Structure formats: C-alpha cells, structure tokens
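> Can you keep this structure in mind? I'll have questions shortly.
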Amino acid sequence: MGRLQDKVAIVTGGASGIGAMIVDRFVKEGATVIAADINEDALNKASEKENVYGMKLDVTSEEGWKSLTKDVQEKFGKIDILINNAGVSTEKTIDELDYKDWEFLNKINGFGTMLGMKYTVPYMTENKKGAVVNLSSITSQVGMGLNSYSASKGAVRAITRAAATQYARNGVRVNAVFPGVIQTPMVASLESSDQALAQINAMTPMGRLGKPEEVASAILFLASDDASYITGVELPIDGGYTAL
Ligand SMILES: NC(=O)c1ccc[n+]([C@@H]2O[C@H](COP(=O)([O-])OP(=O)(O)OC[C@H]3O[C@@H](n4cnc5c(N)ncnc54)[C@H](O)[C@@H]3O)[C@@H](O)[C@H]2O)c1
C-alpha cells in the first residue's frame, strides 16, 4: 500500500520541473493526481500517465479555481491534498524592476497560492482532513538578489503560517518547503553559466544543486499521514545553504 493510497491531490505547475516530479511520485504512492497548469501542451504530455488528470488552470484566476475544485469534487468525491507549486521567477535587480514585474511575480507566486487554499480548504474541511504544501524558497530567507521573486516567496512563507493556525482545528495542515537551487527549467540560465554555478556550489555545504526528486520526497512526507502532527513548518531543502 502506498503512502498516499486513494488520496486525491491537486498539484499546480504539475507540467514541469518540480511539479512534474511531485505528480510522478504521488501516483507511485497510490494517489490520483490532478496536474493543474497554464501550459496546455506540457499538460497533455503529463496526462498520458495513468491516474494523472491534466486540467488547465491559471492560478491567478478565481473563476478558474472555483471551476477546477468543483470538477475535482464531482469527479473524485473529495480533495485531500493541495501542492501550491506553480511559480515564476526573474533575475531583475531592484534598479531594473517596475510595477508590472512586481505584479506578475507576486500575483502568480503569492496571490495564486492564497487562492489555492481559499478554494480547496473548504472541501478538505468537509472531511475534517487535508494537507497543503506551499512552495516558498530560500530566497525569502537569504539575500540572493532575486528581489521581487524573494518578496513573493516571503508572502508564501507568511501566509503558510497564518493558514496553518487558521485551519488547524479544521483538520487541515499547512506547511511550506524552501528549496535551494534545484535543477529545473526555471534555473536553466544559471546552470549554463559556469561562473554562477561554481559560485552557488561553493556557497552550498553539499557542493551541488538539488534535484527535483529530492524536493518531491520532502513534499511527499509533509503531504502524507506520516506528518500528521506537523503544521506551520518551514522546511529547507537546500543542501545546507541556509545552515551556514
Ligand atoms: N528550481 C528552483 O531552483 C526553485 C527553488 C526554490 C523554489 N522553487 C519553486 O518551485 C516551484 C516549481 O518551480 P520549477 O523550478 O519546477 O519551475 P518550472 O518553470 O519548471 O515549473 C513551473 C510551472 O508552473 C507553471 N505556471 C507558471 N505560471 C502559472 C500560472 N499562472 N498558472 C498555472 N501554472 C503556472 C508553468 O507552466 C510550469 O509548468 C516554483 O514555485 C518555484 O518558485 C524553485
């Protein structure tokens, strides 16, 4: 029996990188997984796998969330797990940023995460049980120069704690993970620069980047009943970067 046997999970940004790895891992552990993403082409590929249902979603759309959660409830009878993973990044400095950049990043990473909880937690509450894992980032804890991205992930960090305390008596646990630099399409430009890569590796006690499967494993733990007395935690997955 899998660690998520018969659970119904929604994974946003499930068509790429860390999200795609979470989808695979959850299915292996017995879950039915809704991969929700804005990228329809990548979603179609993800949905070819057994027990994976691709659904198009822009996480910033209230209407989109309303209709997706209603469809999932009608089709599968419940929602057990939400992984707020969809995200976007920028390397712009403060000098280069304008309001449009700020709004774009914060709307998807921050507001999108809040909307996910707003529309899934009521279904979890009906069963007095649920688990949410939000994707923050070590850039919300240390200065890595990713300005508006860091701010948006700081919002994820804060709202995770607020939601954990608000929903604890509804039986819904809310935790956050803080990945370091993980090998996905999001960091492709960093990986292609020998200098940047050497700098990150030098600052990471383990001396290497993380792999999407290493993030998926930690998220699996927090989403599963193995973490039944854990809520509001901030778990770094960073090869020791923030321990320095
Ligand atoms: N890769 C890293 O180093 C790293 C580090 C810390 C945190 N994170 C976080 O992990 C999460 C996953 O990142 P990744 O590295 O796998 O990136 P990725 O670019 O490979 O995947 C992000 C996914 O989010 C989807 N997405 C973007 N905007 C969306 C929207 N409006 N609605 C729905 N889906 C949308 C994209 O289509 C894509 O499939 C993000 O929240 C990211 O900020 C990544």
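The values are calculated or read from the model by the stated rules, or taken from the named source; none is laboratory data. None of the values given here were measured: they were computed from a predicted structure. With ideal geometry, Cβ positions are generated from the backbone for all residues, glycine too; neighbour counts draw on all protein chains shown. Quick note on the areas: whole protein, heavy atoms, side chains included, nothing else; ligands and nucleic acids left out. Shrake-Rupley method; radii C 1.70, N 1.55, O 1.52, S 1.80 Å.
> Within the stretch 180-207, name every residue whose backbone N is under 15 Å away from a label modeled 7 Å from Cα of A243 along the Cβ vector.
180, 203-207
> Give me D for the stretch 111-244 in µm² s⁻¹, whole number, from Stokes-Einstein with Rh from the Kirkwood sum over alpha-carbon pairs, 25 °C and 0.890 mPa s. Numbers along the way, then the final one.
Numbers: Rh = 15.7 Å.
Stokes-Einstein gives a translational diffusion coefficient of 156 µm²/s.
> Still on this structure, please answer the following. Scan around Y53 for amide H atoms under 5 Å from its own, H built in the peptide plane at 1.01 Å from N, and keep only partners 5 or more places away or cross-chain.
For Y53, the qualifying residues are V33, I34, A35.
> Between V233 and residues 5 or more places away or on another chain, which pairs have amide H atoms under 5 Å apart, with H built 1.01 Å from N, and which residues are they?
A176
> Sticking with this structure for a sec: Taking a 23 Å limit on the Cα-Cα distance, which of the listed pairs K129/K211; K107/K153; K49/K75 fall beyond it? Let's see the in-between values first.
Details: K129/K211 30 Å; K107/K153 11 Å; K49/K75 18 Å.
In this structure, K129/K211 exceed 23 Å between Cα atoms.
> If you roll a 1.4 angstrom probe over the protein chains with everything in place, what fraction of the accessible area of the chain belongs to carbon and sulfur, to the nearest %?
Working: 6010 of 11640 Å².
Of all accessible area on the chain, carbon and sulfur atoms account for 52 percent.
> Which whole DSSP H helices in the chain pass both tests: a Cα extent of 15 Å or more along the axis and a mean Kyte-Doolittle value no lower than -0.5?
Working: long enough: 17-28 (17 Å, 0.93); 62-76 (21 Å, -1.41); 112-126 (22 Å, -0.05); 147-167 (30 Å, -0.34); 212-223 (16 Å, 1.26).
Helix filter hits for the chain: 17-28, 112-126, 147-167, 212-223.
> What aspartates and glutamates sit close enough to K45 to cross-link, taking a C-alpha to C-alpha distance under 15 Å and skipping anything fewer than 8 places away on the same chain?
D24, D37
> Something else now. What nm distance separates the two modelled labels at Q199 and K78, each placed 7 Å from Cα along Cα→Cβ?
Label-label distance for Q199 and K78, simple model: 4.9 nm.
> Quickly work out the R169-to-W102 label distance, labels modelled 7 Å from Cα along the C-beta direction, and quote it in nm with one decimal.
Taking the two extended label points, one gets 3.7 nm.
> So, in nm, how far is label T125 from label K211 when the simple model puts each one 7 Å beyond its Cα toward the Cβ?
It is 4.1 nm.
> List the chymotrypsin sites (Phe, Trp or Tyr not before Pro) within the stretch 164-244 that DSSP assigns to loop and that have no more than 12 neighbouring Cβ atoms inside 10 Å. Please list the in-between numbers first.
Details: sites: Y167, F221, Y229, Y241; in loops: Y229.
Here the chymotrypsin sites (Phe, Trp or Tyr not before Pro) that fit, given the DSSP loop and packing criteria, are Y229.
> Quick one: what does P(r) look like for the chain with 5 Å bins over all Cα pairs, in whole %?
1, 7, 14, 19, 21, 17, 11, 6, 3, 1, 0
> If you take the charge dipole of the chain about its Cα centre, with +1 on Lys and Arg Cβ and -1 on Asp and Glu Cβ, which of A162, V88, Y53 is farthest toward its positive end?
Farthest towards the positive pole: A162.
> A follow-up question, please. When only DSSP loop residues count, what trypsin sites (Lys or Arg not before Pro) in the stretch 44-152 have their Cβ near at most 11 other Cβ atoms within 10 Å? Let's see the in-between values first.
Numbers: sites: K45, K49, K56, K66, K70, K75, K78, K92, K100, K107, K118, K128, K129; in loops: K49, K78, K92, K128, K129.
Loop-located and lightly packed - K128.
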